[in-house]
Amino acid sequence: MRQYTKLNLPLFRFPIDIFAPAILLLVLSVATSPLAAVSQNSTDSRPWMHRSLTPEQRADLLLHAMTLDEKITMVHGVDPRPIQGYVGFVPGNSRLGIPALRLADGRAGVGNGAKDVTLLPAPITAASSWDTNLLHKFGEVLGNEEWRKGTNVALAPSIDVVRVPEWGRTFESYGEDPYFNGQMAIAEIQGIQSQGPIADANMYLTMNQENNRFKEDSIVDRRTLHEIYLPPFEAAIEEGHVGTVMCAYVKTNGSYSCENPYLLTTLLRKQLDFHGWVMSDWGATHSTVASAKAGLDQEMPGAKYYGAPLQAAIASGQVSTSTLDEHVRRILVPIFRFGLFDREQIGTWNSYVRTPEHAAFSLHAAEQGTVLLKNTDKILPLSDGESIAVIGAAGGAKPKASGGGSSGMIAPYVITPVDGIRKRAAGRAQVSYADGSDPAKAAEIAKAAKVAIVFVNTDDSEGRDRPNLELPDHQDELVEAVAAANPNTIVVLNTGGPVLMPWVDKISGLIEAWYPGQEDGTAIAAILYGDVNPSGKLPLTFPRTASEIPTSTAAQWPGVNGRSTYSEKLDVGYRWYDAHHVQPLFPFGYGLSYTSFKLSDLRVTPAKITGMDTKTNVQVDLQVKNTGKREGAEVIQVYVEQPERNGEPPRQLRAFTKVDLKAGQSQSVRLNLNPRALSIYDPDLHTWKMPSGEYKILVGTSSRDLPLQRDVEVTDHRMHN
Ligand code: BGC
């Protein structure tokens with residue numbers, strides 16, 4: 001695998017002696033700016049500027065010095081924004097030295113119309129690498145460009161579990177498994193925050209559809225909330241140490257996310273012990289008093305409820321000053337913790353922030369997230385000399401390299417698949433191209449070539465779910481026509497999530513490349529020719545039919561009378577297919593390689609848990625061997641089956657790791673299962689418990705290929721948090 005050097009925080013260095021006269025002028029000119037704190041660092045009049053104090057102590061000192069107006073200013077954005085770029089803005093305070101907050105979107109790079117930025121692959125692509133190191137680097141690149149654009153709060157990542165396969169924002173997420181999403185979230189958040197900006201875990205909670213998203217009410221039981229929808233946020237807070245959480249548009253059990261005391265106080269503050277601030281999604285605040293009391297700290301993007309109305313509510317005593325203080329404190333503590341008071345940010349919205357190193361990473365992430373789904377008779381990798389017909393949206397008319405909505409970006413360029421393939425094949429093979437608008441013409445060039453490669457896509461975006469799982473714009477007919485003309489047909493999917501493939505048995509090769517970012521064509525050419533051995537795995541299930549999916553009734557999605565009933569409960573994604581004995585088209589965790597692997601020698605210790613305290617892990621050891629002829633990477637996946645179903649899905653992913661092996665190489669692999677991996681949530685007792693009985697530990701390379709198995713016996717039933 002390629003190596004990338006660690007990115008460094010942009011440091012502000014100034015040759016003081018040469019520029020001494022200019023410094024005085026500079027100090028005077030910035031004294032009135034939001035960055036005054038850094039230059040006018042008088043710790044006598046501003047004791048909160050003492051860096052030796054804790055963020056909490058500094059926030060308390062500052063809070064004490066703030067007027068009511070100054071506090072109110074912190075708990076909402078300013079809309080329209082008095083500054084170019086960004087999507088959210090909270091003015092700084094020059095009297096007290098509080099830095100302005102500049103919030104920007106972007107889950108695959110800096111959004112909001114920013115120029116000269118790197119378009120990374122969509123998060124679903126990065127997640128398909130199943131590589132937390134890659135996600136960390138993804139966060140570093142994103143965070144680095146945001147920071148150098150002047151952003152100090154980056155509105156990423158989106159970590160909701162994908163419940164509905166048609167969800168328009170599936171491409172922004174990591175997929176359908178709570179544990180998996182949590183691991184990806186930890187890595188990306190740490191990566192973003194290592195570069196300067198505060199990250200934002202969004203969208204909290206049950207944000208699982210776009211249709212009717214401003215009013216939709218998710219009806220979901222507490223066990224399901226705890227076992228499926230909450231864990232990614234728990235991981236983001238406990239291990240990712242995320243600074244902010246964005247509450248969502250939708251309602252959960254009758255109450256809007258941003259005024260829901262159970263979500264914002266019981267779960268987030270009391271149970272997860274979150275110390276950062278909660279901001280509303282844009283326009284997701286619906287009240288003043290209810291929101292302030294429930295635990296919303298900051299309204300975005302404007303002051304409709306948290307400006308004058310909050311001031312009035314405080315004057316009338318409906319909201320106490322101590323409640324306001326608590327909101328302000330929760331905003332100030334992370335600002336201190338992330339050094340925004342102490343560090344100057346020199347970039348602006350017009351800064352040129354993309355770099356060759358980031359472009360190389362964008363390519364690497366696209367390659368690593370590409371999933372090989374079918375490879376009949378080893379049609380792939382392509383050999384030199386095989387003529388190729390490239391067909392479909394690969395030529396520049398509309399290559400689908402990124403999704404829309406607030407994740408939309410201005411790409412500096414996109415290498416189209418046809419350009420990438422032509423460049424790679426130059427001097428070695430003939431490449432013809434047809435855009436696919438005329439299936440007869442496409443079939444004609446397919447017939448004349450040794451191999452036909454058809455690029456199909458879906459145009460996914462925030463704000464709309466896909467109406468169904470079919471490919472739009474007659475693309476199925478195009479594939480059928482090409483496959484009928486040439487049996488060596490390979491289909492490349494550029495989709496934001498699963499699609500139905502009625503033609504799948506008629507083609508020889510199938511690749512899910514998702515939305516690959518600016519290096520699209522280079523990445524797919526490298527995979528097709530085997531310069532890079534595919535190692536991606538699906539982070540969500542691809543169904544075989546429209547009816548056999550977990551959310552097939554209207555009551556579940558898009559809902560009836562504004563209510564979506566989560567009647568599938570814990571059976572989300574692959575859990576449902578396993579529970580209902582439904583064979584999906586491609587299961588969760590699935591993905592092929594140009595080499596082969598064998599797993600063996602599974603050992604699980606201890607085999608019996610009796611008096612174990614709640615901190616002890618179960619250790620899973622095994623051997624992995626690359627049994628093929630070329631280097632490749634495999635993802636080892638560990639699933640746990642509970643002793644009794646009791647409403648639990650048959651098995652759930654509880655650990656995974658990716659290993660890179662040379663041809664013939666073997667390696668020992670060790671994974672750990674913490675007590676939570678064996679536990680279920682008891683909604684009556686409000687706690688996690690590990691029921692007694694025989695647990696099965698299943699190990700393999702996809703949720704439906706688990707050849708190794710051992711039992712662990714739990715003899716005493718216990719509770720823990
Ligand atoms: C989206 C958020 C985004 C915000 C600001 C909302 O519509 O749901 O993800 O951060 O807009 O653009």
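The values are calculated or read from the model by the stated rules, or taken from the named source; none is laboratory data. All values reported here derive from a predicted model rather than from experimental measurement. For neighbour counting, all protein chains shown are included, and Cβ atoms are generated from backbone atoms with ideal geometry for every residue, glycine included. When the accessible area is computed, the model is the full protein with side chains, heavy atoms only, and any ligands, DNA or RNA have been set aside. Shrake-Rupley method; radii C 1.70, N 1.55, O 1.52, S 1.80 Å.
I'm trying to understand the selection: among the residues of region 612-661, which are surrounded by fewer than 16 Cβ atoms within 10 Å (Cβ to Cβ), modelled with pLDDT of 95 or more and farther than 19 Å from L372 by Cα?
Result: Q619, D621, Q623.
All but one of (1) touching a strand residue (DSSP E or B) at 6+ places or on another chain (Cβ under 7 Å); (2) surrounded by fewer than 19 Cβ atoms within 10 Å (Cβ to Cβ) hold for L68; state the number of the condition that does not hold.
Here L68 meets the rest and fails (1).
Taking region 208-231 only, how many residues are within 16 Å of the ligand (Cβ to nearest atom), in contact with a Pro (Cβ under 9 Å, 6 or more places away or on another chain) and open to solvent by 10 Å² or more (accessible area, probe 1.4 Å)?
Adding up the residues that qualify gives 2.
Could you give every pair whose Cβ atoms fall below 6 Å, whose first residue belongs to region 232-246 and is open to solvent by 10 Å² or more (accessible area, probe 1.4 Å) and in a loop (DSSP other than H, G, I, E, B), and whose second residue is away from the ligand (no atom under 16 Å from the Cβ) and at pLDDT 95 or above, counting only separations of at least 6 or pairs across chains?
E239/I186
Taking the stated definitions as given, is L103 buried (at least 21 other Cβ atoms within 10 Å of the Cβ), of a type outside the set (D, E, K, R) and in contact with a strand residue (DSSP E or B) (Cβ under 9 Å, 6 or more places away or on another chain)?
Numbers: buried (at least 21 other Cβ atoms within 10 Å of the Cβ): yes; of a type outside the set (D, E, K, R): yes; in contact with a strand residue (DSSP E or B) (Cβ under 9 Å, 6 or more places away or on another chain): yes.
So L103 fits the description; yes.
So in region 89-117, with the set limited to residues that are on the phi > 0 side of the Ramachandran plot and modelled with pLDDT of 95 or more, which one is nearest to the ligand (Cβ to nearest atom)?
N112
So, of the residues in region 386-401 that are modelled with pLDDT under 95 and open to solvent by 10 Å² or more (accessible area, probe 1.4 Å), which turns out to be nearest to the ligand (Cβ to nearest atom)?
Looking at the filtered set, the residue picked out is K400.
Going by the structure shown, is P439 open to solvent by 20 Å² or more (accessible area, probe 1.4 Å), away from the ligand (no atom under 16 Å from the Cβ) and over 25 Å from A366 (Cβ atoms)?
For P439, the condition - open to solvent by 20 Å² or more (accessible area, probe 1.4 Å), away from the ligand (no atom under 16 Å from the Cβ) and over 25 Å from A366 (Cβ atoms) - is met.
Between residues in region 290-306 that are open to solvent by 30 Å² or more (accessible area, probe 1.4 Å) and residues that are of a type outside the set (F, W, Y) and within 16 Å of the ligand (Cβ to nearest atom), which pairs lie under 6 Å by C-beta distance while being six or more apart or on different chains?
Listed pairs, sorted by first residue: A303/H76; Y305/T285; Y305/E299.
Where the second residue is open to solvent by 20 Å² or more (accessible area, probe 1.4 Å) and of a type in the set (A, V, I, L, M, F, W, C) and the first is over 20 Å from T541 (Cβ atoms) and lies in region 584-601, which pairs have Cβ atoms under 7 Å and are six or more apart or on separate chains?
That search, which allows pairs on different chains as well, returns T595/A663; L599/L708.
Determine which member of the set D177, D160 is in contact (Cβ under 8 Å) with a residue 40 or more places away in the chain, within 14 Å of the ligand (Cβ to nearest atom) and surrounded by 24 or more Cβ atoms within 10 Å (Cβ to Cβ).
Just one listed residue meets the conditions, D160.
I'd like to know if region 447-470 contains one or more residues that are assigned to a helix (DSSP H, G or I) and modelled with pLDDT of 95 or more.
Checked region 447-470: at least one residue is assigned to a helix (DSSP H, G or I) and modelled with pLDDT of 95 or more.
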